[in-house]
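The values are calculated or read from the model by the stated rules, or taken from the named source; none is laboratory data. Worth saying up front: this structure is predicted, and the values here are computed from it rather than measured. Neighbour counts run over all protein chains shown; Cβ positions are idealised from the backbone, glycine included. The area values use the complete protein model at the heavy-atom level, side chains included, leaving out ligands, DNA and RNA. Shrake-Rupley method; radii C 1.70, N 1.55, O 1.52, S 1.80 Å.
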Amino acid sequence: MRQRTAVVIGATGLVGQEVVKELCKREEYSEVTAITRTHMNITHQKLINKIIDFDYLEGMHLGLVDDVYCCLGTTMKKAGSKAAFRKVDLDYPLQFASLAKKNNVRQFLVISAMGADPASPFYYNKIKGLMEEQLKEMNLASLLIFRPSLLLGDREEFRFGETIGAKVMTLVGWAMVGPLKTYKAVRAEQVALAMVEKAMNDPYENVLVYSSAEIEKTERS
(Lines give C-alpha, C1' and ligand atoms only; values in the text may rest on other atoms or scores of the structure.)
Protein backbone atom coordinates (compact mmCIF):
# COMPACT_ATOMS: atom_id res chain seq x y z
CA MET A 1 0.00 0.00 0.00
CA ARG A 2 1.37 3.38 -1.03
CA GLN A 3 1.41 5.73 1.92
CA ARG A 4 0.40 9.36 1.60
CA THR A 5 1.54 12.65 3.06
CA ALA A 6 -0.64 15.54 4.17
CA VAL A 7 -0.37 19.19 5.09
CA VAL A 8 -2.94 20.76 7.42
CA ILE A 9 -3.35 24.54 7.44
CA GLY A 10 -5.26 26.05 10.35
CA ALA A 11 -4.37 23.05 12.48
CA THR A 12 -4.92 24.87 15.79
CA GLY A 13 -8.58 25.59 14.96
CA LEU A 14 -11.66 23.62 15.94
CA VAL A 15 -11.77 21.42 12.82
CA GLY A 16 -8.05 21.60 12.04
CA GLN A 17 -7.12 19.90 15.30
CA GLU A 18 -9.56 17.10 14.59
CA VAL A 19 -8.20 16.67 11.06
CA VAL A 20 -4.67 16.28 12.46
CA LYS A 21 -5.86 13.68 14.98
CA GLU A 22 -7.77 11.77 12.29
CA LEU A 23 -4.85 11.75 9.87
CA CYS A 24 -2.42 10.55 12.54
CA LYS A 25 -4.70 7.56 13.18
CA ARG A 26 -4.70 6.47 9.56
CA GLU A 27 -2.21 3.88 8.32
CA GLU A 28 -2.57 5.37 4.83
CA TYR A 29 -0.71 8.50 5.96
CA SER A 30 2.96 8.26 6.84
CA GLU A 31 3.55 11.96 7.56
CA VAL A 32 1.34 14.86 8.61
CA THR A 33 2.67 18.42 8.57
CA ALA A 34 0.71 21.04 10.50
CA ILE A 35 1.44 24.59 9.36
CA THR A 36 0.56 27.00 12.15
CA ARG A 37 1.39 30.42 13.54
CA THR A 38 1.71 29.10 17.11
CA HIS A 39 2.80 25.77 18.57
CA MET A 40 0.24 22.97 18.70
CA ASN A 41 -0.71 21.07 21.84
CA ILE A 42 -0.78 17.78 19.92
CA THR A 43 2.22 15.47 19.56
CA HIS A 44 2.52 12.29 17.48
CA GLN A 45 5.33 10.38 15.80
CA LYS A 46 3.86 11.19 12.36
CA LEU A 47 3.30 14.87 13.12
CA ILE A 48 5.59 17.72 12.11
CA ASN A 49 4.62 21.19 13.32
CA LYS A 50 5.97 24.04 11.17
CA ILE A 51 5.63 27.51 12.66
CA ILE A 52 5.45 30.24 10.01
CA ASP A 53 4.33 33.82 9.47
CA PHE A 54 1.34 33.63 7.13
CA ASP A 55 2.09 37.11 5.84
CA TYR A 56 5.29 35.85 4.18
CA LEU A 57 4.28 32.81 2.13
CA GLU A 58 5.89 33.71 -1.20
CA GLY A 59 9.01 31.60 -0.83
CA MET A 60 7.45 28.70 1.02
CA HIS A 61 7.87 25.17 -0.38
CA LEU A 62 5.38 22.47 0.57
CA GLY A 63 7.52 19.58 -0.63
CA LEU A 64 6.15 16.23 -1.78
CA VAL A 65 2.59 16.32 -0.53
CA ASP A 66 -0.47 14.36 -1.64
CA ASP A 67 -3.25 16.18 0.20
CA VAL A 68 -3.54 19.72 1.57
CA TYR A 69 -6.30 20.28 4.13
CA CYS A 70 -7.16 23.96 4.51
CA CYS A 71 -9.08 24.51 7.74
CA LEU A 72 -8.56 28.26 8.10
CA GLY A 73 -11.37 30.39 9.44
CA THR A 74 -12.13 33.14 11.91
CA THR A 75 -14.96 35.46 12.95
CA MET A 76 -15.40 39.18 12.40
CA LYS A 77 -15.13 39.77 16.15
CA LYS A 78 -11.88 37.84 16.51
CA ALA A 79 -10.39 39.29 13.32
CA GLY A 80 -11.24 42.82 14.39
CA SER A 81 -12.05 44.22 10.94
CA LYS A 82 -13.39 43.24 7.54
CA ALA A 83 -9.89 43.49 6.05
CA ALA A 84 -8.41 41.14 8.67
CA PHE A 85 -11.31 38.71 8.25
CA ARG A 86 -10.86 38.72 4.49
CA LYS A 87 -7.15 37.98 4.88
CA VAL A 88 -7.76 34.83 6.95
CA ASP A 89 -10.82 33.48 5.14
CA LEU A 90 -9.96 34.45 1.57
CA ASP A 91 -6.39 35.62 0.97
CA TYR A 92 -4.57 32.90 2.93
CA PRO A 93 -6.55 29.96 1.46
CA LEU A 94 -5.91 31.29 -2.06
CA GLN A 95 -2.19 31.69 -1.38
CA PHE A 96 -1.92 28.16 0.00
CA ALA A 97 -3.87 26.82 -2.96
CA SER A 98 -1.40 28.54 -5.27
CA LEU A 99 1.47 26.89 -3.40
CA ALA A 100 -0.31 23.54 -3.64
CA LYS A 101 -0.64 23.91 -7.40
CA LYS A 102 3.04 24.88 -7.81
CA ASN A 103 4.03 21.81 -5.78
CA ASN A 104 1.78 19.46 -7.79
CA VAL A 105 -0.39 18.52 -4.81
CA ARG A 106 -2.95 15.90 -5.79
CA GLN A 107 -5.87 17.24 -3.73
CA PHE A 108 -6.75 20.53 -2.05
CA LEU A 109 -9.50 20.22 0.55
CA VAL A 110 -11.03 23.35 2.06
CA ILE A 111 -13.70 24.22 4.62
CA SER A 112 -16.21 26.77 3.36
CA ALA A 113 -19.68 27.31 4.84
CA MET A 114 -23.31 26.58 4.17
CA GLY A 115 -24.71 29.61 2.34
CA ALA A 116 -21.41 30.53 0.67
CA ASP A 117 -22.28 32.93 -2.14
CA PRO A 118 -20.17 35.72 -3.69
CA ALA A 119 -23.39 37.74 -4.16
CA SER A 120 -24.60 37.29 -0.58
CA PRO A 121 -25.54 40.44 1.38
CA PHE A 122 -23.90 38.83 4.43
CA TYR A 123 -20.17 39.53 4.49
CA TYR A 124 -19.22 36.12 5.96
CA ASN A 125 -21.10 34.18 3.27
CA LYS A 126 -19.86 36.56 0.58
CA ILE A 127 -16.20 35.98 1.48
CA LYS A 128 -16.70 32.21 1.61
CA GLY A 129 -18.40 32.40 -1.79
CA LEU A 130 -15.56 34.44 -3.25
CA MET A 131 -13.08 31.92 -1.88
CA GLU A 132 -14.90 29.03 -3.57
CA GLU A 133 -15.25 30.94 -6.83
CA GLN A 134 -11.59 31.93 -7.01
CA LEU A 135 -10.37 28.47 -5.99
CA LYS A 136 -12.39 26.96 -8.85
CA GLU A 137 -10.81 29.43 -11.27
CA MET A 138 -7.34 28.20 -10.28
CA ASN A 139 -8.00 24.85 -11.99
CA LEU A 140 -6.40 22.76 -9.24
CA ALA A 141 -5.78 19.07 -9.89
CA SER A 142 -8.61 18.20 -7.49
CA LEU A 143 -10.58 20.62 -5.29
CA LEU A 144 -12.86 19.34 -2.52
CA ILE A 145 -15.08 21.95 -0.86
CA PHE A 146 -16.89 21.24 2.42
CA ARG A 147 -19.86 23.39 3.46
CA PRO A 148 -20.76 22.59 7.07
CA SER A 149 -23.58 24.23 8.98
CA LEU A 150 -22.93 25.54 12.51
CA LEU A 151 -19.93 23.71 13.99
CA LEU A 152 -20.16 22.01 17.37
CA GLY A 153 -17.08 21.36 19.50
CA ASP A 154 -14.91 22.61 22.32
CA ARG A 155 -13.27 25.88 21.29
CA GLU A 156 -10.30 27.39 23.09
CA GLU A 157 -11.88 30.85 22.81
CA PHE A 158 -15.43 31.74 23.84
CA ARG A 159 -17.74 32.81 21.01
CA PHE A 160 -21.04 34.00 22.50
CA GLY A 161 -23.16 33.78 19.33
CA GLU A 162 -21.87 30.36 18.32
CA THR A 163 -22.19 29.05 21.88
CA ILE A 164 -25.85 30.06 22.10
CA GLY A 165 -26.49 28.74 18.60
CA ALA A 166 -24.83 25.44 19.44
CA LYS A 167 -26.99 25.00 22.55
CA VAL A 168 -30.16 25.68 20.57
CA MET A 169 -29.10 23.30 17.79
CA THR A 170 -28.29 20.59 20.34
CA LEU A 171 -31.77 20.90 21.85
CA VAL A 172 -33.67 20.88 18.55
CA GLY A 173 -31.32 18.74 16.47
CA TRP A 174 -33.68 15.75 16.63
CA ALA A 175 -36.27 17.77 14.72
CA MET A 176 -33.93 18.65 11.86
CA VAL A 177 -35.14 16.12 9.31
CA GLY A 178 -36.17 16.29 5.66
CA PRO A 179 -35.40 19.69 4.09
CA LEU A 180 -34.32 21.01 7.52
CA LYS A 181 -31.52 18.45 7.76
CA THR A 182 -29.30 20.77 5.71
CA TYR A 183 -29.30 23.24 8.63
CA LYS A 184 -28.49 20.72 11.36
CA ALA A 185 -25.33 21.57 13.30
CA VAL A 186 -22.40 19.21 12.79
CA ARG A 187 -19.57 18.29 15.12
CA ALA A 188 -16.03 19.29 14.24
CA GLU A 189 -14.78 15.71 14.43
CA GLN A 190 -17.46 14.66 11.93
CA VAL A 191 -16.26 17.31 9.48
CA ALA A 192 -12.71 16.06 9.96
CA LEU A 193 -13.81 12.46 9.38
CA ALA A 194 -15.66 13.47 6.20
CA MET A 195 -12.65 15.34 4.85
CA VAL A 196 -10.27 12.44 5.38
CA GLU A 197 -12.72 9.83 4.08
CA LYS A 198 -13.47 11.83 0.94
CA ALA A 199 -9.77 12.45 0.34
CA MET A 200 -9.03 8.73 0.51
CA ASN A 201 -12.06 7.24 -1.18
CA ASP A 202 -13.72 9.62 -3.61
CA PRO A 203 -12.60 9.82 -7.24
CA TYR A 204 -10.21 12.58 -8.25
CA GLU A 205 -12.37 15.28 -9.80
CA ASN A 206 -11.63 18.86 -10.73
CA VAL A 207 -14.22 20.13 -8.22
CA LEU A 208 -16.38 18.31 -5.66
CA VAL A 209 -18.69 20.11 -3.21
CA TYR A 210 -20.09 18.47 -0.06
CA SER A 211 -23.12 19.83 1.80
CA SER A 212 -23.52 19.71 5.56
CA ALA A 213 -25.98 16.81 5.19
CA GLU A 214 -23.42 14.85 3.16
CA ILE A 215 -20.76 15.59 5.75
CA GLU A 216 -23.06 14.41 8.54
CA LYS A 217 -23.82 11.04 6.91
CA THR A 218 -20.18 10.17 6.13
CA GLU A 219 -19.07 6.98 7.88
CA ARG A 220 -15.66 5.55 8.63
CA SER A 221 -14.58 3.05 5.98
Next on the checklist: Could you tell me the calculated FRET efficiency between L208 and T43, based on Cβ-Cβ distance and R0 = 41 angstrom, to the nearest 0.05?
Outcome noted: 0.80
Checklist entry - With each pseudo-label sitting 7 Å past Cα toward Cβ, what's the D53-N103 distance in nm, one decimal? => result 2.0
Checklist entry - For percent of Cα pairs over 30 Å apart, the listed values are (i) 35; (ii) 24; (iii) 18; which was obtained by calculation from the structure presented? => result (iii)
Checklist outcome for this item: Summing -39500 (n - 2.57) over every DSSP H run of at least 4 in the chain, dividing by its residue total and rounding to the nearest 500, the 222 nm mean residue ellipticity is -10500 deg cm²/dmol
Next on the checklist: Under 10 Å, Cα contacts only: if you run a Gaussian network model on the chain, which one of G63, G16, G73 comes out with the highest mean-square fluctuation?
Outcome noted: G63
Next on the checklist: If you roll a 1.4 angstrom probe over the protein chains with everything in place, what fraction of the accessible area of the chain belongs to carbon and sulfur, to the nearest %?
Outcome noted: 53
Next on the checklist: Using a Gaussian network model on the chain with a 10 Å cutoff between Cα atoms, which of T33, T74, T43 fluctuates the most?
Outcome noted: T43
Next on the checklist: Below 8 Å between Cα atoms, with a sequence gap of 6+, how large is the relative contact order for the chain in percent?
Outcome noted: 19
Item to check | Average accessible area per residue (Å²) across the chain - probe 1.4 Å, nucleic acids and ligands excluded | outcome: 51
